[in-house]
Amino acid sequence: MRMSKASRLRKIIGLILTVSLFVGLFPVGSLASGLSGGDVSKGTNVRVDPDTTMNVAEFLGKMNSELVEIYGIKPENLSFPQTIANGKYAARVYKVKGLSEGKWTDYGYIFAYGAPYGETAKINYGGESVIVSRYLGRAGYKPDDPGSDFTNIAFPYDTKVTWTFPDLLPNGKANSPMIEYPWQNREAQQEIKSQLGQKLNRRADDIFYSQNPEAKQKLIEQIKLGIQLVHPELVGDPAKFNQIPWEKYVHIYQPPTYTAWGMGCIWHKDNDDGDIWYKTIPIAPYKLVESKYGIITLGFLDDDKVGTIDILESVDSKNQERLLKTISEDVVVQLSNFWEQFYRYMVSNYGKDPYNASDEEFDNAFDEFYNSYSEKDALATAYSDVYRYQSTPSNRPKERE
C-alpha cells in the first residue's frame, strides 16, 4: 500500500524519537513533553473515564486478535474473556486522557473486569469534580479466573514522590529498591498481600517475559514509552532509565495491543522500615512504537562512532527486510526539535496529538506548520539522510494492514 505523507512522517519521526530515547540525547523526548499540565501527585494530569458506547465484545475480540498479530501469542495461551470469576465480573472499557498544554488529549483505551473499588479520592479536573477509586477493577485471563487487583493510574499518590525510577534500583538513592520478580517471589507476594491487600496473577508475566522473546522485547519498549509519556517527571537520568531491566519489575495486569494501553505495577520496599509501596505503570499501545519495529532492529551495534547508532534487521514478522543505517546525532536533534514544535502546534490548534489525528488533519496541520518553519533546509537534509535506503517495493516499510 502506498503510504500517505502522514503515515511516512509518523513512521520515520517515531523511529527517530525512539532512537533519541535509546541513545539518551534528550531527557524524555518530544512525545513526553505533551503531558505538561496538571499536578501528577494529585492525579490531575491523567484521567480514566468509562466508555459506555464501546461494544465490549468487539473490543475484546480485537484485542485478542492483536495479541496474535503483534506478539505471536496464541489464544490458548492468553486471551481476554468477556467475564471472569464465572460470570461475576464483566469487562468494562475506559478511555484514557492526558492533560497536554491545557487541553485533554485522547490516548486510547484500557479495560478491567468489574466495577472500580477500594478507597476513593475526589479529583478536580479543571472545575469538574470526579470520584476516583484506588482500583479500576480486576485483571483476569480465563472465565474462571477469580481476578486480581488492577490499580488505577488516575488515583493520586499516597505520599509525595521524591524519587525517579533509576533511584529505585538496588543501591539507588531512594533506599527503597524495586522488588524483583514479585510474581515469582512467594515471600514478596505475602508481604504485598499483608501490607497492601493486593493479589498477583502471574499468567501474563510468564507468557510475555519467559515464553516469547519477541513479545518481551516489544513490551519493554512499550513500558519505557508509556512511562515517558505519562510520567516524564519519574524518568530521571535517561541513560540509567533505559538500562533498567523492566522485565524483572513490572507485573502485567493487562498487556497493550495496537491501540489499547496496557497497565502494570511495580512494588518497592523501604530498606529502613520495610514498608512496601506500589506504582501503577502505563504501557503504551503498540502503534506508538510501531515505527521502531517497521525498520529497526535485532540490536544496536557499538562501532565507536560518537553520537551514532547502527540499526539492524526488523524483528517484526511482517517486515523482515535487512537494513543497515547510521543515524547521526545532528539528524536526531534536527528531527526531534521539529517534531516537538509540531506536536505542540497540533495539540494547541487541533486539540489532538499527531498520533491520534486523522491523516487529513495531520496533513493540514503539517502544511500549516511547515510553511512557517524557519529551518526547512536543515530539516530536509536530516529527513532525506535517515530515509535514504533501497526503495524497492520489498524494502519499503509497510503500513499495518
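Where a number appears in this text, it was derived from the coordinates with a stated rule and is not lab data. This one's a predicted model, so the numbers in the text were calculated from it and none came from an experiment. Cβ atoms come from the backbone with ideal geometry, glycine included; neighbour counts cover every protein chain shown.
What the table below lists for this structure:
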| read-out | value |
| --- | --- |
| Å³ per residue enclosed by the Cα convex hull of the stretch 198-284 | 109 Å³ |
| Most to least packed among 218-226, 115-123, 151-159 [average Cβ atoms within 10 Å] | 218-226, 151-159, 115-123 |
| Whole-Hz couplings from phi, Karplus 6.51/-1.76/1.60, listed for the stretch 68-74; x for Gly and Pro | 6, 5, 8, 10, x, 8, 6 |
| Exceeding the 22 Å Cα-Cα cut-off - candidates 160/269; 240/279; 88/216 | 88/216 |
| Order by protection proxy (mean Cβ within 10 Å, highest first), peptides 278-285, 51-58, 138-145 | 278-285, 138-145, 51-58 |
| Cut-off under 5 Å, modelled amide H: who pairs with residue 73 long-range | 68 |
| Whole-Hz couplings from phi, Karplus 6.51/-1.76/1.60, listed for the stretch 82-93; x for Gly and Pro | 6, 9, 10, 6, 6, x, 6, 10, 9, 5, 10, 9 |
| Hydrodynamic radius by Kirkwood, which averages 1/r over all alpha carbon pairs of the stretch 166-211, in angstrom | 11.9 Å |
| Amide proton proximity set for residue 89, modelled H, under 5 Å, gap of 5+ | 84 |
| Rough spin-label spacing in nm, given labels placed 7 Å along Cα→Cβ, for residue 360 and residue 159 | 5.3 nm |
| Equivalent ellipsoid semi-axes, the stretch 50-156, via Cα gyration tensor eigenvalues times 5, rooted, Å | 27, 18, 11 |
| At 0.692 mPa s and 37 °C, Stokes diffusion of the stretch 69-219 via Kirkwood alpha-carbon radius, µm² per second | 183 µm²/s |
| Relative contact order for the stretch 88-147, counting Cα pairs under 8 Å that sit 6 or more residues apart, in percent | 27 percent |
